[in-house]
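These notes concern the structure reproduced below.
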Amino acid sequence: MSKSSMHMGQNISPTLPLFLLFDLLYTELVAKDYVNRVQIRDKTLRALKDI
C-alpha cells in the first residue's frame, strides 16, 4: 500500500476491525488463565532461543 493508492482510508478500514477483534480475543484468552498463559509463553520463548 502506498500513499498514492489510499483514498479516504479504503485500503485500511477493512483490516482495522479484524485487528481489533484479534486483539480483543487474545486479551480475553490471556486474562482468563493468566498464570498458565505466561508459563506457555515463556516455554515458547525458551524453545525459540534454542533454534
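Each value in this text was obtained by applying a stated rule to the coordinates, not by laboratory testing. Since the structure is predicted, the reported quantities are computational estimates derived from the model, not experimental observations. A quick note on method: Cβ atoms are made from the backbone with ideal geometry, for glycine too, and the neighbour counts reach across all protein chains shown.
Distance between the modelled labels on Arg37 and Asp23, one decimal in nanometres: 1.5 nm (7 Å Cα→Cβ projection).
Working from label points 7 Å from Cα in the Cα-to-Cβ sense, the Thr44 to Thr15 distance is 2.1 nm.
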